[in-house]
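The values are calculated or read from the model by the stated rules, or taken from the named source; none is laboratory data. This structure is a prediction, so every number in the text was calculated from the model and none was measured. Methodologically, a virtual Cβ is constructed for each residue, glycine included, from the backbone with ideal geometry; neighbour enumeration extends over all protein chains shown.
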C-alpha cells in the first residue's frame with residue numbers, strides 16, 4: 001500500500017535510512033529483524049564513501065542542542081575498495097534496495113567512484129555536494145552552481161541507474177535544485193544538515209562546529225521541500241528531523257515522494273518500524289481509502 | 001528498546017541517586033559487568049538522545065543504576081517515582097576484561113559501574129578498592145561495597161573522610177609497593193594520572209572512558225577515542241574500557 005516508484009527505483013515503502021546514521025550496516029541486524037528491515041525500509045543509503053579511507057575528525061564529534069544534534073564526524077569511511085570488498089556483500093544481503101552515498105573532493109573523484117560501482121548490484125548512488133571542491137580553492141560544491149552542473153552532467157552520462165543529489169539546505173538551494181532537474185538527476189534529497197555551532201565551554205571559549213539535525217530543523221527543511229516541489233518536477237526525497245509517522249506524512253503531503261530518517265535511528269534503532277506503523281494508522285483518514 | 005518499571009529512585013547524596021528498574025530475567029542475563037544501557041524517559045524532544053548509564057548492580061529481576069544529576073536528562077530522571085515507566089536499550093558496549101589480581105579505582109560517580117563487577121566476580125574479587133570523592137557526603141554505597149570484604153581505601157578532597165587529597169596519590173603509593181593491574185573509572189584528570197602511574201610502574205591500567213554518546217550502537221561514529229598508533233576507536237562498540245597505553249589521552253580535549 002505504501003510502495004512508491006521514483007523513476008526506475010521501486011521502493012516497498014517511502015522510508016529510507018539516511019546516510020551516516022546506521023554505520024555500514026554492521027550492527028543493524030542486531031536491532032532490527034531481517035523481516036522488519038525488508039518490510040519497513042524502502043531503501044538503505046550508505047555512509048558517505050570516498051575514494052580513499054578516511055579516519056574522520058578528532059573528538060569531540062557530536063553534541064546535543066535543544067531538540068537537535070550537531071555532528072562533526074568528518075566522513076569516516078573505509079574507502080571504496082575496502083567498501084566493495086568488506087561491506088557491500090553483507091549490505092546486499094539485507095534484500096533492500098541499496099543506494100551508495102558518495103563523497104568526493106573534486107568532480108573527477110565522483111566519476112571514479114561511480115565507475116568503481118558500475119558493475120555492482122546496487123540500485124543507485126546519492127551524491128553528497130556538501131563538501132569542499134579542492135580544485136576550486138575549497139569552495140563548497142553546494143555554493144557553486146556551475147560546478148554542480150558539470151558534476152551532474154558528467155555523472156548522468158556515466159551512470160544509468162538511479163542518481164540522486166543530496167542538497168545542502170543553505171546556499172543557492174533553488175538554483176542547485178533546478179540544475180539537478182535540467183541535468184536529469186533522478187531525484188534530489190532535501191536536505192543535508194544545517195551548518196551550526198555549539199558553545200561547549202565559555203572560558204576559554206570552546207566551540208563545536210558541525211551539521212545540525214533532528215526535530216529542531218524539521219520546519220526549515222519542510223519549507224524547502226514545499227517550495228521546491230511547487231516549482232520543479234524533479235522527485236524530492238525529504239530529509240530533516242523526521243521522528244514520527246506524522247512528521248513523515250507531513251513531508252509526503254508537502255511534496256516529497258519519499259523520505260529519509262537519520263537522527264531518529266540514533267535515538268532508537270527500531271524507529272523505522274515505528275514510523276511505518278504510524279503512517280499506516282494515518283492512511284485511512286488522510287487518503288479516504 | 002525495552003520498557004521497564006521503576007521500583008526505586010532514591011537519593012544517595014546531594015546529587016547522586018540509585019535507580020532500580022524491573023527487567024525480565026532473560027534480558028537481564030545478557031548483561032555483563034562493564035556494559036551499559038541507554039535510557040529514554042519519555043517521548044519529549046528535549047533532551048532528544050537517550051542517556052547512557054553503567055550497570056551498578058543486578059539483584060533478582062531488578063537492575064540498579066547509580067547516577068549523578070548533571071544536566072536536563074538526569075534532572076528529569078531524578079524526578080521520576082516508583083511505578084513510572086522508562087525505556088532502555090541494552091546491554092551495549094563490551095564487558096570489562098577478565099582480570100586477575102587487580103585493583104579497582106573509582107573517582108566520584110565512577111564507582112557506579114563496579115558494583116555489578118563485584119557481584120559477578122565473587123571468586124575473583126579485586127585485591128583492593130580505591131575510592132575517592134570530593135567530600136564525605138559524596139562517598140556513596142559504602143555499606144554495599146563493604147559486603148564484599150575487600151580493603152577499601154578512601155580519600156576526599158577536603159579530608160572529611162579518609163586520606164586528604166586525590167585517590168591517585170594513595171593508588172600511586174600502593175602500586176609502588178605492589179605493582180598490580182588497575183581498572184579505573186572516574187573524572188578525566190584521574191584517568192590521565194592513572195595512565196601515567198601505569199606507565200611509570202609498568203603495570204596495565206584499564207580505563208573506563210566517557211564521551212558524549214549519540215547512538216551507542218556504532219551507527220553514528222560520534223564517540224571516538226584517539227589511539228596511540230593513529231586513528232580512532234569507537235567508545236560505544238570497542239569500549240567503554242580501554243587499555244591506557246593504547247589510547248592517546250593527550251589528543252582528547
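Would you call residue B:154 touching a residue at least 12 places away in the same chain (Cβ under 8 Å) and within 14 Å of chain A (Cβ to nearest Cβ)? When the stated conditions are applied, residue B:154 does not pass them. In region B:170-243, counting only strands (runs of 3 or more DSSP E) that sit wholly within it, the ones holding 2 or more residues that are away from chain A (no Cβ under 14 Å) span B:181-185, B:205-208, B:241-243. Put simply, of A:199, A:207 the only residue that is surrounded by fewer than 22 Cβ atoms within 10 Å (Cβ to Cβ), within 14 Å of chain B (Cβ to nearest Cβ) and over 21 Å from residue A:20 (Cα atoms) is A:207. Annotation: of all residues in region B:43-57 being in a loop (DSSP other than H, G, I, E, B) and in contact (Cβ under 8 Å) with a residue 12 or more places away in the chain, the one that is surrounded by the fewest Cβ atoms within 10 Å (Cβ to Cβ) is B:46. Is there a residue in region B:104-123 that is over 25 Å from residue B:15 (Cα atoms) and buried (at least 22 other Cβ atoms within 10 Å of the Cβ)? No.
Restricting region A:73-106 to residues that are over 21 Å from residue A:121 (Cβ atoms) and surrounded by 19 or more Cβ atoms within 10 Å (Cβ to Cβ) leaves a set whose member that is modelled with the lowest pLDDT is A:75. Here B:38, B:10, B:3 are screened, and the one residue that is outside any loop (DSSP other than H, G, I, E, B), more than 14 Å from chain A (Cβ to nearest Cβ) and in contact with a strand residue (DSSP E or B) (Cβ under 8 Å, 6 or more places away or on another chain) is B:10. Considering region A:81-95, the residues that are under 19 Å from the mean Cα position of the chain (by Cα) and without any contact (Cβ under 8 Å) to a residue 60 or more places away in the chain include one that is farthest from residue A:135 (Cα to Cα), namely A:92.
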